[in-house]
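Engineer: Sharing a structure below in structure tokens format, with a few things to ask.
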Amino acid sequence: MSSSDHDLSATHWPDSASEVPLQSVSRLIYASLSKVDGPVLDEMRRIRDHAVVHNQAASLRVALLHMSGWFVEWIEGPEVGIRALLDRVAQDPRHQGLQVVHHSSGKPRLFRPWIGSIVQSDEGPTAFARRLFALQDRQVRATALEPASVWLRLCSPPAADMPLTDGAFPRAMLLSAQGAHAFELLQTLATHQRRPLVRRRFAGAADAARDVESDYLDLPALGQAGWRLVANARKGLAMGMAHAFLPDHAAVVLLLCDDATRNQHLVERVLAANRQVHHAPVIVALGTHAQVTPELQTLVERQGLPWVAARSPLQRPDDLDLWDVLQPVLQHIA
């Protein structure tokens with residue numbers, strides 16, 4: 001897990017790209033029952049090694065998820081390449097009962113050759129199938145959703161008590177300048193509020209791109225629609241999933257530390273990621289008065305992004321103290 005990584009160098013991952021492509025592409029999402037026998041992570045890596053070569057040759061970009069005994073794959077690229085990939089999957093013994101959930105053309109979201117993720121879920125295959133067929137029926141009977149919305153509804157469903165269970169609630173990405181503070185804050189909140197914490201693991205498109213975690217917590221009582229807080233690793237900003245869903249985040253919360261160099265480096269990474277996807281979320285700087293500096297504000301506002309300083313009056317605030325500062329800020333943004 002790279003959430004505790006201390007590297008201050010720029011992110012140049014083997015599966016990186018400079019900018020999200022803007023040309024229209026075909027987009028398809030399918031689901032299939034998983035027949036993997038053995039460790040799923042090992043199998044996902046084997047799929048990756050085979051897929052990266054073929055996907056790049058066919059100008060395809062894909063995201064593959066394993067959850068609740070199902071595979072879900074989101075594919076973008078030329079229609080002929082997508083159809084050829086579906087034909088291969090239909091013959092693959094690791095997949096059974098392939099179901100197309102979404103098919104459209106439009107603006108792409110994926111710009112890595114391959115993204116893999118595993119979600120730890122208590123939901124069984126039958127319950128997942130009910131949600132899958134309900135979403136598939138909605139796609140047929142009503143106005144089709146964007147593929148990113150389909151993916152989020154299927155693979156990251158909201159908690160049952162969220163006010164807007166269709167997924168139309170604000171999201172905030174949490175990133176820490178040092179250590180795994182974003183993950184620790186989410187764990188503290190989940191324990192304190194007795195809420196389930198969903199853990200996910202993303203795999204890069206190359207051996208040199210380490211796996212990272214990205215956990216999330218739904219808070220139904222925060223604002224009218226509730227909020228989803230998503231903890232990401234710093235190096236996760238270079239992962240395809242972070243880029244694909246960055247435009248869905250209303251805010252990016254930076255958990256600052258006492259090291260000004262680390263704080264500046266985190267801000268620069270966030271600004272670079274948002275330039276790539278042409279997104280302008282509210283940047284919330286969370287920390288003490290000494291950590292939240294005018295220099296960081298200038299960096300953010302120079303790029304045209306809104307800035308909110310969430311300063312703790314305490315010299316050494318704990319996670320619940322910081323939450324007391326952050327909570328009203330998110331309520332105001334919503």
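Engineer: Applying the selection to the stretch 148-175, what residues are more than 17 Å from the chain's Cα centre (by Cα) and open to solvent by 40 Å² or more (accessible area, probe 1.4 Å)?
Structural biologist: Hits for the stretch 148-175 are 160, 161, 163, 164, 165, 166.
Engineer: While we're on this one: Go through the stretch 123-147 and count every residue that is modelled with pLDDT under 85, over 20 Å from the mean Cα position of the chain (by Cα) and not aliphatic (A, V, I, L, M).
Structural biologist: 6
Engineer: Looking only at the stretch 37-80, which residues are outside any strand (DSSP E or B) and either in contact with a strand residue (DSSP E or B) (Cβ under 6 Å, 6 or more places away or on another chain) or crowded, with 19+ Cβ neighbours inside 10 Å (or both)?
Structural biologist: The initial filter retains those residues of the stretch 37-80 that are outside any strand (DSSP E or B), namely 37-60, 68-69, 78-80.
Within the stretch 37-80, 40, 44, 47, 48, 51, 52, 55, 59, 60, 68, 69, 79 meet the criteria.
Engineer: Please work out which one of (1) in contact with a helix residue (DSSP H, G or I) (Cβ under 6 Å, 6 or more places away or on another chain); (2) open to solvent by 10 Å² or more (accessible area, probe 1.4 Å) is the condition residue 227 fails and give its number.
Structural biologist: Tallying (1) in contact with a helix residue (DSSP H, G or I) (Cβ under 6 Å, 6 or more places away or on another chain); (2) open to solvent by 10 Å² or more (accessible area, probe 1.4 Å), residue 227 fails exactly one: (2).
Engineer: Let me ask something else about it. From 315, 276, 303, grab the single residue that is over 30 Å from residue 43 (Cα atoms) and under 17 Å from the mean Cα position of the chain (by Cα).
Structural biologist: None of the other options fit; the residue is 276.
Engineer: Something else about it: Tell me which residues, restricted to the stretch 114-131, are among the β-branched types (Val, Ile, Thr) and either in a helix (DSSP H, G or I) or open to solvent by 60 Å² or more (accessible area, probe 1.4 Å) (or both).
Structural biologist: 126
Engineer: Okay, moving on. Condition test on residue 111, is it surrounded by 19 or more Cβ atoms within 10 Å (Cβ to Cβ), of a type in the set (A, V, I, L, M, F, W, C) and not in a helix (DSSP H, G or I)?
Structural biologist: Criteria met by residue 111.
Engineer: Here's something else I'd like to know. Tell me, please, whether a residue that is farther than 22 Å from residue 230 by Cβ and either open to solvent by 30 Å² or more (accessible area, probe 1.4 Å) or in contact with a strand residue (DSSP E or B) (Cβ under 9 Å, 6 or more places away or on another chain) (or both) can be found in the stretch 270-282.
Structural biologist: There is no residue in the stretch 270-282 that is farther than 22 Å from residue 230 by Cβ and either open to solvent by 30 Å² or more (accessible area, probe 1.4 Å) or in contact with a strand residue (DSSP E or B) (Cβ under 9 Å, 6 or more places away or on another chain) (or both).
Engineer: Pairs needed: first member in the stretch 99-128, closer than 20 Å to residue 149 by Cβ and free of Cβ contacts under 8 Å to residues at least 60 places away in the same chain; second member anywhere, aliphatic (A, V, I, L, M) and open to solvent by less than 60 Å² (accessible area, probe 1.4 Å); C-beta distance under 9 Å; at least 6 residues apart or different chains.
Structural biologist: The qualifying pairs are 123/67.
Engineer: Which one of the conditions (1) surrounded by 20 or more Cβ atoms within 10 Å (Cβ to Cβ); (2) modelled with pLDDT under 95; (3) not in a strand (DSSP E or B) does residue 186 fail to meet, given that it meets all the rest?
Structural biologist: Residue 186 satisfies every listed condition except (2).
Engineer: Taking the options 317, 328, 294, name whichever one is farther than 19 Å from residue 177 by Cβ and either surrounded by fewer than 16 Cβ atoms within 10 Å (Cβ to Cβ) or without any contact (Cβ under 8 Å) to a residue 40 or more places away in the chain (or both).
Structural biologist: Working: 317 fails: farther than 19 Å from residue 177 by Cβ; 294 fails: farther than 19 Å from residue 177 by Cβ.
After applying the criteria, what remains is 328.
Engineer: Checking the conditions here, which among 207, 259, 218 is out of contact with any Pro (no Cβ under 6 Å at 6 or more places or on another chain) and at pLDDT 90 or above?
Structural biologist: Result: 259 is the single residue among 207, 259, 218 that is out of contact with any Pro (no Cβ under 6 Å at 6 or more places or on another chain) and at pLDDT 90 or above.
Engineer: When you check residue 178 against the structure, is it open to solvent by 10 Å² or more (accessible area, probe 1.4 Å), at pLDDT 90 or above and not in a loop (DSSP other than H, G, I, E, B), yes or no?
Structural biologist: no
The values are calculated or read from the model by the stated rules, or taken from the named source; none is laboratory data. Fair warning: this is a prediction, and the values are worked out from it, not measured in the lab. Positions of Cβ are backbone-derived with ideal geometry, glycine not excepted, and every protein chain shown enters the neighbour counts. For accessibility, only protein heavy atoms count, side chains too; no ligands or nucleic acids. Shrake-Rupley method; radii C 1.70, N 1.55, O 1.52, S 1.80 Å.
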